[in-house]
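Okay, structure first, notes after.
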Amino acid sequence: MSTRWPRQILFGDIDAMFASAAVIADPSLAGKPVAVGGPPPRGIIAAASYAVRRFGVRSAMPTIQALRLCPQLVLVPPDRPLYTRLHRQLQEVTDRCFPETEWTSIDEFYADTTRLQTRHPEPRALGGALKADILRTTGLTCTIALASGKTVAKIAADAHKPDGLAVIEPGAEAAFLAPLPIRSLPGMGPKSTEAVERLGVRTIGDLLVPRFASALLRLFGTRLTALQSLARGVDSDPVVADRETKSVSHETTFDEDTNDPAVLEPIIHEFLETLTHDLRLEGLAAGSFTVKLKDSHFRITTRQRKFPAPLNYDPDMWPDIRLALADLLQSRSRYRLAGLGLSDLAPAPEPLFDRRQRDAVAALDRLIEQYGSSVVRLGGLPQGEDGSLKQKRRKET
Ligand SMILES: [Mg+2]
């Protein structure tokens with residue numbers, strides 16, 4: 001029988017959500033090497049099923065390269081309305097199970113389950129029941145992890161994918177993390193990992209080994225303390241629920257910390273494109289926005305501003321957001337995470353833009369439905385090669 005945990009965080013992550021959604025839409029694809037993405041020559045893989053990951057296919061890889069690795073690959077175009085519908089069904093499940101849920105992307109969520117322990121004293125039983133509920137309601141499998149903090153829960157889920165259930169008991173965090181490769185820590189991209197491995201540091205536990213201490217301090221400076229706390233499994237980041245459900249947001253953690261506007265602007269801009277596309281589909285407009293950055297010391301800063309009027313056409317919104325981002329950026333800081341939220345959502349006043357513009361936007365929206373937002377731009381920043389932004393991300397669906 002487990003004893004009551006002082007703090008209990010549940011993390012859930014749908015397994016290869018976009019690829020799994022393709023199978024829900026077309027059950028004849030079950031078991032086939034499905035990937036979601038754009039066609040060659042310029043398309044990229046947006047999401048890879050576990051069947052194609054075995055061939056080395058990864059998200060953000062050019063489709064042409066994926067086809068070389070896995071010639072029998074079944075390429076499916078993105079289907080945003082389906083993802084939105086599945087996300088709503090997932091939210092119905094989490095709303096039933098938890099008083100508050102923090103969604104960090106369309107298919108990942110945290111819930112603080114500390115107070116649920118009275119009714120659900122067994123964390124494994126709680127996780128198992130949630131997995132069953134999600135599968136029954138949506139047809140999607142997921143991986144659930146429970147731990148004393150968000151980071152350990154996330155790492156545990158990553159280590160138990162797909163269709164996994166992990167419970168890291170309080171006090172067992174450091175022992176669980178110790179043997180894992182250093183790149184399992186959020187924010188440890190290929191470059192940092194390489195630099196750390198040159199020192200002989202291979203596992204998360206090595207971050208706490210005294211003989212590496214001085215070399216690690218030279219490498220990370222003051223950031224080392226935060227990393228070592230994580231390596232001990234110490235993480236008191238709260239679950240911040242969208243109490244105000246009338247908002248949408250998107251955020252990503254980078255492989256390498258950066259403060260380069262040339263890197264950050266296109267990422268925030270792409271979030272804006274995706275979010276406004278969803279707003280237009282639902283006939284909503286946003287009255288305000290929040291730009292969020294987390295620096296290498298895990299400090300979060302935000303800028304929240306109001307639009308002059310509720311908007312859902314991204315070229316009209318981008319100048320304000322771009323200014324807020326410039327305002328937020330500190331030249332001496334480097335950032336590990338960036339996010340954009342749109343809030344004060346309300347039904348869009350009709351018409352938000354003139355008819356000709358509206359028809360053009362509607363046509364573009366149909367193209368986005370067909371091919372995904374990466375092939376269509378509604379103005380604003382020029383884009384590089386497909387995937388040039390996505391390769392900077394570490395998140396997979
Ligand atoms: Mg996922």
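For the pair residue 262/residue 88, report the inter-label distance in nm, with labels modelled 7 Å from Cα in the Cβ direction.
If labels sit at residue 262 and residue 88, their model points lie 4.3 nm apart.
Nearest 500 deg cm²/dmol is fine: what mean residue ellipticity at 222 nm does the chain get from its DSSP H runs of n ≥ 4 alone, each adding -39,500 (n - 2.57), divided by its residue count? Working shown, then result.
Numbers: 13 runs with 149 residues, N = 397.
When only DSSP H runs of four or more count, the value is -11500 deg cm²/dmol.
Translational diffusion coefficient of the range 147-187 at 25 °C, 0.890 mPa s, Stokes-Einstein with Kirkwood Rh over Cα pairs, in µm²/s as a whole number.
236 µm²/s
Between residue 332 and residue 229, what is the FRET efficiency for a Förster distance of 22 Å, r being their Cβ-Cβ separation, to the nearest 0.05? Spell out each step's value before the answer.
Working: r = 22 Å, r/R0 = 1.01.
The calculated FRET efficiency here is 0.50.
Stick to Cα atoms and the Kirkwood definition of Rh, then tell me Rg/Rh for the chain. List each step's numbers first, then the result.
Numbers: Rg = 21.2 Å, Rh = 22.2 Å.
On the Cα set of the chain, Rg over Rh gives 0.96.
Pull out the extension gain between residue 129 and residue 195, defined as 0.36 nm times the separation in residues minus the alpha carbon to alpha carbon distance; nm, one decimal. Don't jump to the answer; show the numbers that get you there.
Working: separation 66, 0.36 × 66 = 23.76 nm, distance 4.19 nm.
Going from the current span to full extension adds 19.6 nm.
Can you list residues from other chains, or at least 5 along the same chain, whose modelled amide H is less than 5 Å from the amide H of residue 334?
For residue 334, whose amide H was placed from the backbone, the distant partners under 5 Å are 296.
Using a basic spin-label model with each label point 7 Å from the Cα along Cα→Cβ, how many nm lie between residue 26 and residue 96?
The answer from the label model is 3.0 nm.
Rounded to whole Hz and in sequence order, give me ³J(HN,Hα) for the range 127-140 from the Karplus expression 6.51 cos²θ - 1.76 cosθ + 1.60, θ = phi - 60°, writing x for Gly and Pro.
Residue by residue, the range 127-140 yields x, x, 5, 5, 4, 5, 5, 5, 5, 5, 6, 10, x, 9 Hz.
Can you pull the three principal axis extents for the Cα set of the range 22-150, in Å, largest first?
Dimensions of the range 22-150 along the principal axes of its Cα atoms: 54, 27, 24 Å.
Give me the percent of DSSP beta bridges within the chain that run antiparallel, rounded to the nearest 5. Write out the running numbers ahead of the final one.
Details: 46 of 52 bridges.
Percent antiparallel among DSSP bridges in the chain is about 90.
With all pairs of different alpha carbon atoms counted, what Kirkwood hydrodynamic radius in Å does the range 119-174 show?
Values: mean 1/r = 0.0867 Å⁻¹.
Computed over Cα pairs of the range 119-174, the Kirkwood hydrodynamic radius comes out at 11.5 Å.
Nearest 10 degrees, 0 to 90: what angle lies between the long axis of helix 261-282 and the longest principal axis of the chain (Cα atoms)?
It works out to around 60 degrees.
Hey, can you grab everything whose amide H is under 5 Å from the amide H of residue 167? Only 5+ residues off in sequence or another chain; H modelled, so Pro and N-termini drop out.
146
How do 81-89, 206-214 rank on mean C-beta neighbours within 10 Å, highest first? Please list the in-between numbers first.
On the way: 81-89: 15.4, 206-214: 13.9.
By packing density, highest mean first, the sequence is 81-89, 206-214.
Calculate how steeply helix 314-328 sits against the longest principal axis of the alpha-carbon atoms of the chain, using the helix alpha-carbon long axis, and give the answer as 0 to 90 degrees to the nearest 10.
Taking the Cα atoms of the chain, the angle to 314-328 is about 40 degrees.
Over 28 Å between C-alpha atoms is what I'm after, so list which of 154/292; 32/131; 32/161; 150/292; 32/191; 150/191 land there.
Details: 154/292 20 Å; 32/131 23 Å; 32/161 19 Å; 150/292 18 Å; 32/191 34 Å; 150/191 24 Å.
Those over the limit are 32/191.
Could you tell me the convex hull volume per residue, in Å³, taken over the Cα atoms of the range 182-312? Let's see the in-between values first.
Values: hull volume 16.7 nm³, N = 131.
Convex hull of Cα atoms, per residue: 127 Å³.
Computed from the coordinates by the stated procedures, all read-outs in this text should not be read as laboratory data. It should be emphasised that the depicted structure is a prediction, and the values quoted were computed from it without experimental measurement. Glycine also receives a Cβ, built like all others from the backbone with ideal geometry; neighbour counts cover every protein chain displayed.
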